[in-house]
Amino acid sequence: MSGPANPPILQILPDSAPFSPEQRTWLSGLFAGFLGLDQAVTPLSSEEAAALLPGVLTAPIGASADEGPVTWHDPGIPITERMKLAEGRSVRMRMMAAMAQQDCGQCGSSCEEYSGHIFDKKEARLNLCVPGGKDTSRMLKKLFDEIGLSAPPLASEATAPASSPAAEVKPAPAALPGRSRDNPVTATVVSRTLLNRKGSEKETWHVEFDLTQSGLDYEVGDSFGIIPVNDPGLVSAIIKALSAPADFPIGGRTLRDVLTDGVSLSPAPDMLFQLFSYVTGGERRQKAKALSAGDDPDGDAKTLDVLAAIEKFPGIRPDPEAFIEALDPLQPRLYSISSSLKAHPSRISLTVDTVRYQIAKRQRLGVASTFLAERVAPGDRVKVYIQQAHNFGLPADPAVPIIMVGPGTGIAPFRAFLYERMATRAPGRNWLFFGHQRHDCDFFYEDELNAMKAAGVLTRLSLAWSRDDKGKFYVQDRMRQVGHDVWTWLQDGAHFYVCGAVRMGLDVERAMVDIVAQHGARTPDQAIAYVADLKKHGRYQADIY
Ligand SMILES: Cc1cc2nc3c(=O)[nH]c(=O)nc-3n(C[C@H](O)[C@H](O)[C@H](O)COP(=O)(O)OP(=O)(O)OC[C@H]3O[C@@H](n4cnc5c(N)ncnc54)[C@H](O)[C@@H]3O)c2cc1C
Ligand SMILES: NC(=O)c1ccc[n+]([C@@H]2O[C@H](COP(=O)([O-])OP(=O)(O)OC[C@H]3O[C@@H](n4cnc5c(N)ncnc54)[C@H](OP(=O)(O)O)[C@@H]3O)[C@@H](O)[C@H]2O)c1
């Protein structure tokens, strides 16, 4: 999604006026409005500015007419660079720059909407940007401090006391059941099928749910939100490490229950280390304080989930209720929907890569992917919601050709697109680029894709296997090989889609720029502008995570 295309606001206040960059920008916008200027061109004198000032500074800083292009809306730009690009802009805009810029929908909306809700005090939770992680929530807190507002606590709003700033937040209107992370419904697990064959290093599941009782429907391109439950083994290990009674009462529930479905057990939040610094002394206290400030005294901060954090301070005994309040809420996870209601009535399917990795002696489990891979069974009811896509969907005109690039689990929405186009007998051509580690064991939905090819639905299938030969070979390498044809499809009006891991998405975009430059006879700058224009017109859509 590109940022607002408002013209930049030129300097209107004199340099000597005693304002911060935010105040300066906001006031310039306001004065330009007063003066009826599209762009304010003449700096006011101090006297003129002062005459316009009374009452103005009580208004929210940065709340209006902001001003100039958003240059940081690119998930490839690190947060430090994004904040530099947003320097001198309003706090609202800098909050937007603090987001991970993926528009992934995990917070419930786009980067711009989420930051706007925080700025407008409609959203108290500063930790909903999952890809931004702690860096984003720390930056948001800093921005709150900068404008002299107290930031809401980072811990669960569910556990926040009634008098906390979180309680002052104006709640957003309740969404319809099953249409938002805050109002889930239940769906029934129907089946789980392993998509990898013997010899694979991956474990990816096709998981199907029945929606009959949920009342839900969806469009292809949407995602399915799953409210997971933590691994009971990890919960027991934490209770043991705390030497706390599992049935310790917390808000009418037990410690075990809240640890199971109420709080995130990875990564350890700053607040937890802050709590530890209050209940321990000496060098340990200094270490806990440093960790709570985002420092990394022992070089292991990235490996500290909640259990590892407790184990780092052996014998630590925080009050269980304070401990729970110091943790972040357990977040839902999104999965691209890999089915079409038109082809699979009352069903929804996902394509889920199981996250497991080892740190020291302990195997860490991705909470939602292992929940789906091993802790639910057919017949179980799971809390879910539909996350409507932000700018990711089939072209309105069924005759428009589409090119889809989806390696690994990135194939999910494109399986849905293909079924939808088959069910609706859409005449447009369909070209899929799929890739994974090995042809023999990682070719997801091979039979279905071959059948679609035979039926003429899948016009073209281009494959890339990264571990079959010595060197890596990726989807973007295949795209470059057939760049002339990609360019021809684009000339025919094709819409281009990419889905999957972030790094891959960025590399695919680079390949597209190269293809446009080479086969469209453009300079690199013209090719970048061409791809930007495709995006602007909804002809280049990305769903990356
Ligand atoms: C719009 C959208 C669509 C998505 N669609 C899909 C989809 O179709 N299929 C799919 O599988 N996923 C999809 N995802 C990703 C999915 O939402 C989850 O992020 C993913 O399943 C991991 O969640 P988890 O709870 O299992 O893992 P978590 O508990 O969240 O753990 C993952 C975290 O563990 C850490 N980690 C992982 N591996 C390692 C390692 N080797 N070493 C050290 N640390 C590591 C990283 O910090 C990582 O962020 C999508 C995400 C979005 C936003
Ligand atoms: N945060 C990250 O950077 C990252 C990266 C990968 C996966 N993940 C997570 O893993 C899950 C998705 O994994 P997945 O099962 O869909 O498959 P995947 O691990 O993303 O791999 C799919 C295919 O893409 C290849 N690949 C790796 N890097 C690439 C790049 N830069 N450009 C093009 N192709 C590339 C892989 O090759 P090789 O593995 O042989 O290199 C493999 O052949 C998600 O949960 C995602 O969040 C995250």
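The values are calculated or read from the model by the stated rules, or taken from the named source; none is laboratory data. Computed from a predicted structure; not experimentally measured. Cβ: placed from backbone, ideal geometry, glycine included. Neighbour counts: every protein chain shown. With ligands, DNA and RNA removed, areas are computed over all heavy atoms of the protein, side chains included. Shrake-Rupley method; radii C 1.70, N 1.55, O 1.52, S 1.80 Å.
Bridgeable aspartates and glutamates around residue 453 (alpha carbons under 16 Å apart, same-chain partners fewer than 8 residues away excluded): 420. Taking every lysine pair in segment 288-371 that is 8 or more places apart or spans two chains, those with Cα atoms closer than 19 Å amount to 5. Kindly state, to the nearest 0.05, the FRET efficiency for residue 285 paired with residue 321, given R0 = 30 Å and r defined as their beta-carbon distance. Efficiency, rounded to the nearest 0.05: 0.90. Atom-type composition of the exposed protein surface of segment 444-545 places 50 percent of the accessible area on carbon and sulfur (1.4 angstrom probe).
Assign one of three labels to segment 74-115, namely rounded, prolate or oblate, based on the Cα gyration tensor with a ≥ b ≥ c the square roots of its eigenvalues; rounded applies when a/c is under 1.5, prolate when it is not and a/b is larger than b/c, and oblate otherwise. It comes out oblate by the Cα gyration axes. Residues in segment 72-147 average 35 Å² of solvent-accessible surface per residue, probe 1.4 Å, ligands and nucleic acids excluded. On the beta carbon distance between residue 121 and residue 87, with R0 = 22 Å, the FRET formula returns roughly 0.40. Summarised in one figure, the compactness ratio Rg/Rh of segment 100-148, Cα atoms and Kirkwood Rh, is 0.93.
Accessible area per residue for segment 320-474, computed on protein heavy atoms with a 1.4 Å probe, is 41 Å². Taking label points 7 Å from Cα along the Cα-to-Cβ direction, residue 380 and residue 363 give a separation of 1.6 nm. Computed from label points 7 Å out along Cα-Cβ, the spacing between residue 182 and residue 243 is 4.1 nm. Dividing the Cα radius of gyration of segment 268-420 by its Kirkwood radius returns 1.13 for Rg/Rh. When the P(r) of segment 446-543 is calculated, the portion above 19 Å amounts to 48% of the C-alpha pairs.
Given 383/536; 198/535; 142/240; 84/121, which pairs have Cα atoms separated by over 31 Å? Table pairs above 31 Å Cα-Cα are 383/536; 198/535; 142/240. Computed extension gain for residue 257 through residue 193, at 0.36 nm per residue and net of the alpha carbon distance, reaches 20.1 nm.
Each part reduced to its alpha carbon centroid, segment 320-363 and segment 467-520 end up 29 Å apart.
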